[in-house]
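Have a look at the structure below before the remarks.
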Ligand SMILES: [Mg+2]
C-alpha cells in the first residue's frame, strides 16, 4: 500500500466516475433516433435501435483509430454511417443529428450526487484535475471552475492506461508521479495506468462488482466521499 502523506494532486476520471455517461449517451441517442425517424420514415428507420447505433459508432471508432481522434468528429461519422445503413446518403442530416445528439449529451448529463460535495472538500487541500479518455468538458457538465487542469486523451494522442496521460497530468500540476492520486471506475484504464507510473490508484467500484482482472488498486471505494478518509490517513 502506498502512503497517502505525499499526495498533492488528485486526478479524476470522468465517464462513470463523475457522471453516468452510458445513461446520457443512450438517452441522447434515443432522442436523436426519434428525429431521424421523423426525417426518414419507413421500415428501415423503424427497425433501427439504440443498440445498433452504438455498435455502428464503435465500429466506426475502430476504423478511424489513429486517423481521427476528435470524438465529436467520430460521432458525426457514426451518424453518417447509420444513415447509410438505412439507405440514406445525406451528410447534412448526419451533421444535424450529431448537433442534436451533442446538445443532449452535454445538457442532460447528471453528476453523481457525491461529486460536488467531495470536490468542494478536497479542493482546499489538493490540486484537482480531470483526466479523461472521453470528451466531458467540465463547463458543459455542470462543473465549471472545479478543476485546475483538464486533460483529454484526444488532445494528448494516447489513452489511459498509457503513461503519457498520467505524465501529462503531473506536468500540468507540477508534481511527481508519487504525489498524484488518480480515481476512476476502470481497473484497466484508471487503476492499471496509475499503478504503472507509481501514482496512488483508487478504484471507484460503485456497484460492488467482483475484481477478476488481477489488477490491484491501492484503494477501493464505493463512493467518492470515502476519498476524504483516504486523504486524512
Ligand atoms: Mg470511466
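Read-outs: derived from the displayed coordinates by stated rules, not from any lab. Note that the coordinates shown come from a computational prediction; the quantities given were computed from them, not determined experimentally. Cβ atoms come from the backbone with ideal geometry, glycine included; neighbour counts cover every protein chain shown.
General observations
- Mean separation of Cα contacts under 8 Å (6+ apart) over length of the chain, as relative contact order %: 25
- Relative protection proxy for 185-193, 149-157, 37-45, from highest mean packing down: 185-193, 149-157, 37-45 (other beta-carbon atoms within 10 angstrom).
- Comparing 17, 49, 32 in a Gaussian network model of the chain, where Cα atoms under 10 Å apart are tied by springs, the biggest mean-square fluctuation is seen for 49.
- Hydrodynamic radius (Kirkwood) for the range 173-214, which is based on Cα pairs only, to one decimal in Å: 10.8
- The range 1-115 - Rg (one decimal) and Dmax (whole number), Cα, Å: 17.5, 62
- Principal-axis tilt of helix 71-85 within the chain, Cα atoms, nearest 10 degrees: 30
- Each residue, residue 50 and residue 30, gets one label point 7 Å from its Cα in the Cβ direction; the gap between the two is 0.4 nm.
- Per-selection metrics, the chain (Cα): Rg and Dmax in Å: 19.2, 62
- Simple spin-label estimate for residue 120 and residue 81 in nanometres, 7 Å along Cα-Cβ: 4.3
- Calculated FRET efficiency for the pair residue 220/residue 99, C-beta based, R₀ 35 Å, to 0.05: 0.30
- Degrees separating the helix 91-107 axis from the principal Cα axis of the chain, which is the longest one: 40
- When restricted to Cα atoms, the range 12-60 yields an Rg and a Dmax of 13.1, 44 Å, respectively.
- Against the chain, whose longest principal axis comes from its Cα atoms, helix 50-64 is set at around 70 degrees.
- Only helices enter the 222 nm calculation for the chain: every DSSP H run of n ≥ 4 contributes -39,500 (n - 2.57), and dividing by all residues gives -13500 deg cm²/dmol, rounded to 500.
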